[in-house]
Amino acid sequence: MHTYLNEQQRQPADRDSGVRRVAGAVTMRQMELESSRDARRQGRRTAKHVDVCLVEDDESIVSMVRTLLESAGIDLLSVDSCEGALLALRETRPRLLLVDLGLPDRSGLEIARVVRGWYDYPHIPIIALTASAERAGAAWRAGFSGFVAKPFVPKTFQTMVKSWVSALTQ
């Protein structure tokens, strides 16, 4: 009987390397959990509440969304990268997360995968902003709650976000 590293490789794995790999994964998972606990403790003390966190690298879209949401009385925090989003989410508690799927540093899909694993954020609505129907399907599988197709009609977008935020506030 052969033990494979994964389905794609289809090469027998050395039993000792498998044990080392699993032990290393357990150690990494423990470090992630400790880091997450520390961040939660700090986050509870200093978390700033905002209505919406927008993760978008296109400055024209950020500017338009900021104008639309602030005119509706919605607090907005915007960041332009996946890493920036993860750092911002440790310091704030948004009610809604809007994420562009095509970010410069990583895929926006990774944000949902990471955030869904955090203890403090299991039920936050995460909405994908995408121009591709294929990417929308991938967003559902990654843990997104829904998607908004780009380009979007500004007034319709404002109304949708406003209704999401008001539903989450009550």
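Under the condition of being in contact (Cβ under 8 Å) with a residue 24 or more places away in the chain and not in a helix (DSSP H, G or I), the residues counted in the range 72-89 number 9. Listed by first and then second residue, the pairs linking a residue in the range 105-128 that is among the charged types (D, E, K, R) to a residue that is open to solvent by less than 30 Å² (accessible area, probe 1.4 Å) and part of a helix (DSSP H, G or I), with Cβ atoms under 6 Å apart and 6 or more places separating them unless they lie on different chains, are 105/82; 106/82; 110/82; 113/142. Evaluated against (1) β-branched (Val, Ile, Thr); (2) in a helix (DSSP H, G or I); (3) touching a Gly at 6+ places or on another chain (Cβ under 8 Å), residue 67 falls short on exactly one condition, (3). The set of residues in the range 120-136 that are small (Gly, Ala, Ser) and either at pLDDT 85 or above or open to solvent by less than 30 Å² (accessible area, probe 1.4 Å) (or both) comprises 128, 136. Restricting attention to the range 120-136 and to residues that are among the charged types (D, E, K, R) and in a helix (DSSP H, G or I), the residue that is farthest from residue 99 (Cα to Cα) turns out to be 134.
Okay, residues lined up against (1) in contact with a strand residue (DSSP E or B) (Cβ under 8 Å, 6 or more places away or on another chain); (2) over 21 Å from residue 86 (Cα atoms):
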residue	(1), (2)
106	no, no
110	no, no
113	no, no
119	no, no
126	yes, no
131	yes, yes
134	no, yes
158	no, yes
169	yes, yes
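Filtering the range 90-119 to residues that are surrounded by fewer than 16 Cβ atoms within 10 Å (Cβ to Cβ) and assigned to a loop (DSSP other than H, G, I, E, B) leaves 104, 105, 106, 117, 119.
In the range 137-170, what residues are touching a residue at least 12 places away in the same chain (Cβ under 8 Å), under 12 Å from residue 127 (Cα atoms), in a helix (DSSP H, G or I) and open to solvent by 20 Å² or more (accessible area, probe 1.4 Å)? Residues satisfying the conditions are 160, 164.
The values are calculated or read from the model by the stated rules, or taken from the named source; none is laboratory data. All figures in this text were calculated on a predicted structure; none of them were measured in a lab. In this analysis, Cβ positions are derived from the backbone assuming ideal geometry, glycine residues included, and neighbour counts consider all displayed protein chains. To get the accessible areas, we keep the full protein, side chains included, count just its heavy atoms, and leave off ligands, DNA and RNA. Shrake-Rupley method; radii C 1.70, N 1.55, O 1.52, S 1.80 Å.
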